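The values are calculated or read from the model by the stated rules, or taken from the named source; none is laboratory data. Note that this is a predicted model, so its numbers are computed, not measured. Ideal geometry is used to build each Cβ from the backbone, glycine not excepted, and the neighbour counts take in all protein chains shown. The accessibility values were calculated without ligands, DNA or RNA, using every heavy atom of the protein model including side chains. Shrake-Rupley method; radii C 1.70, N 1.55, O 1.52, S 1.80 Å.
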Amino acid sequence: MGNLSHGEYIDSFTADAAAIRDVFVKAVPEMSVPATPEWDLGRLVKHIGTVFVWGTAVVEQRPERVDPRSLDIGLPEERSEYGEWLVRAASKAAAVMSAADPSDDCWSWGADSHAVFWSRRLANEIGVHRWDVQSAFGDPDPIAPQLAADGLDEILENLTFRPDTDLRGVGERLHLHATDCDGEWLITLGAEGVEFKHEHAKGDVAARATASDLLLLILGRVAPSSIEVFGDVEQLDRWQERLKF
């Protein structure tokens, strides 16, 4: 379970969808997004909306699994309309998830098989992508400290369930220390995968920054040189290579 409530996750993704729309209406869909160089702005917003549609369908049809390829996402023909489509998709997700009990059994691909998995997943993914979209225009708003700390927890809790990510090692330790909330992570790469604890301890490499910058660091959006880093910086490069999305 996450650090925020089911309702707080819903409020977060609803607000971030509106923030993305507000940027989108001032841009052109073909605009480049440095954080997602393989996707222009229109393709990124399409991806975000598709995640909303999928999460909504999974919670609606709980506990059955839903193949995202089977869904009609209702994408407008005109790319200029993607921003409003995204807000509508977020609004429907909010309505469906608000009507669900967060403890309802619900299919997921991760460690938690309850409806709150999806409100949490949407809030964390959309929070990062809201930053991506705003960063294309200059200085983005940081991810809220509590949500960013929760995003780090969610990544670490679900790493073993991601078939596309294989992080193993021989005991290397990474320590993350948030400066704007009560958050510390000691992450160990072992032969069986990743283990983590919330504690203060010495790592082979350590990073100290806001929770938002720590999350964005791990996801390859913030350069190690822009924050306080001590120790073996190459280990951070390994995290960024594996976890960037």
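Some notes on this structure:
- Answer residue from segment 199-226, given it is over 26 Å from residue 164 (Cα atoms) and assigned to a strand (DSSP E or B) and is nearest to the chain's Cα centre (by Cα) among those: 209
- Segment 23-37 - residue that is open to solvent by 80 Å² or more (accessible area, probe 1.4 Å) and over 18 Å from the mean Cα position of the chain (by Cα) and, of those, nearest to residue 84 (Cα to Cα): 25
- No other residue among 141, 164, 182 is over 30 Å from residue 91 (Cα atoms), within 18 Å of the chain's Cα centre (by Cα) and open to solvent by 10 Å² or more (accessible area, probe 1.4 Å) apart from 164.
- Flag if residue 229 is assigned to a loop (DSSP other than H, G, I, E, B) and aliphatic (A, V, I, L, M): no
- Being assigned to a helix (DSSP H, G or I) and in contact with a strand residue (DSSP E or B) (Cβ under 6 Å, 6 or more places away or on another chain) is a property that does not hold for residue 147.
- Test result for residue 170, touching a helix residue (DSSP H, G or I) at 6+ places or on another chain (Cβ under 6 Å), under 17 Å from residue 237 (Cα atoms) and not in a helix (DSSP H, G or I): no
- The number of residues in segment 227-240 that are under 16 Å from the mean Cα position of the chain (by Cα) and open to solvent by 30 Å² or more (accessible area, probe 1.4 Å) comes to 1.
- The lone criterion from (1) within 27 Å of residue 221 (Cβ to Cβ); (2) of a type outside the set (S, T, N, Q); (3) touching a residue at least 24 places away in the same chain (Cβ under 8 Å); (4) surrounded by 16 or more Cβ atoms within 10 Å (Cβ to Cβ) left unmet by residue 40 is number (3).
- Matching residues, segment 1-18, being surrounded by fewer than 18 Cβ atoms within 10 Å (Cβ to Cβ), in a helix (DSSP H, G or I) and small (Gly, Ala, Ser): 7, 15, 18
- Taking segment 185-198 as the range and being in a strand (DSSP E or B), surrounded by fewer than 17 Cβ atoms within 10 Å (Cβ to Cβ) and within 21 Å of the chain's Cα centre (by Cα) as the test, the residues that pass are 193, 195, 197.
- Residue in segment 141-154 that is in contact with a Pro (Cβ under 6 Å, 6 or more places away or on another chain) and either of a type in the set (Phe, Trp, Tyr) or in contact (Cβ under 8 Å) with a residue 40 or more places away in the chain (or both) present: no
- In segment 217-245, the residues that are under 18 Å from residue 172 (Cα atoms) reach residues that are surrounded by fewer than 15 Cβ atoms within 10 Å (Cβ to Cβ) with C-beta atoms within less than 7 angstrom, at least six apart or across chains, in these pairs: 224/233.
Here is a yes/no grid of residues against (1) basic (Lys, Arg); (2) without any contact (Cβ under 8 Å) to a residue 24 or more places away in the chain; (3) more than 10 Å from residue 59 (Cβ to Cβ):
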| position | (1), (2), (3) |
| --- | --- |
| 71 | no, yes, yes |
| 82 | no, no, yes |
| 90 | no, no, yes |
| 101 | no, yes, yes |
| 104 | no, no, no |
| 120 | yes, no, yes |
| 131 | no, no, yes |
| 134 | no, no, yes |
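- Taking the criterion of being more than 15 Å from residue 10 (Cβ to Cβ) and among the acidic types (Asp, Glu), the residues of segment 77-112 that qualify are 77, 78, 81, 84, 105, 112.
- Figure legend. Inter-residue proximity from segment 172-201: first residues more than 13 Å from residue 156 (Cα to Cα), second residues among the polar types (S, T, N, Q) and at pLDDT 95 or above, beta-carbon distance below 6 Å, spacing 6+ or different chains. Indicated pairs: 179/210; 180/210.
- In segment 113-160, the residues that are within 16 Å of residue 55 (Cβ to Cβ) and at pLDDT below 95: 158
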